[in-house]
Amino acid sequence: MDELLRAADVAIHSTGGVTSLEALSCGCPLIGYGSSIGHIRIHNRTMAALGLITLADTHAQLATAVRDHLVDAPALAALLVLHRRRARA
């Protein structure tokens, strides 16, 4: 798992827990998305309050968070913009 996280520009997760710890130990930025129930919500909000993850509650927030993490990867950021335009159509 650490090889995948080290290769990633950002990880998007909804589960928290061990995924968060693995990503943090590898230096992989995390976005918590789709985690609106139970203890996962509390875990992710606490991690966000500590500045350890970015939290996205909506698709628009997710797109912004991913774009912010991909500032140094313009080709990937361009694909994200294209995807958003297609989603609106």
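The values are calculated or read from the model by the stated rules, or taken from the named source; none is laboratory data. Given the structure is predicted, the values throughout are model-derived calculations rather than measurements. Methodologically, a virtual Cβ is constructed for each residue, glycine included, from the backbone with ideal geometry; neighbour enumeration extends over all protein chains shown. Keep in mind that these areas ignore ligands, DNA and RNA; they rest on the heavy atoms of the full protein, side chains included. Shrake-Rupley method; radii C 1.70, N 1.55, O 1.52, S 1.80 Å.
Across every pair of non-identical alpha carbons in segment 1-65, the mean reciprocal distance, once inverted, gives a Kirkwood radius of 11.6 Å.
For segment 9-73, the Cβ-based charge dipole about the Cα centre amounts to some 220 debye (Lys, Arg positive; Asp, Glu negative; other atoms uncharged).
Residues LEU4, LEU24, LEU30, sorted by accessible area with the largest first, give LEU4, LEU24, LEU30 [1.4 Å probe; ligands and nucleic acids excluded].
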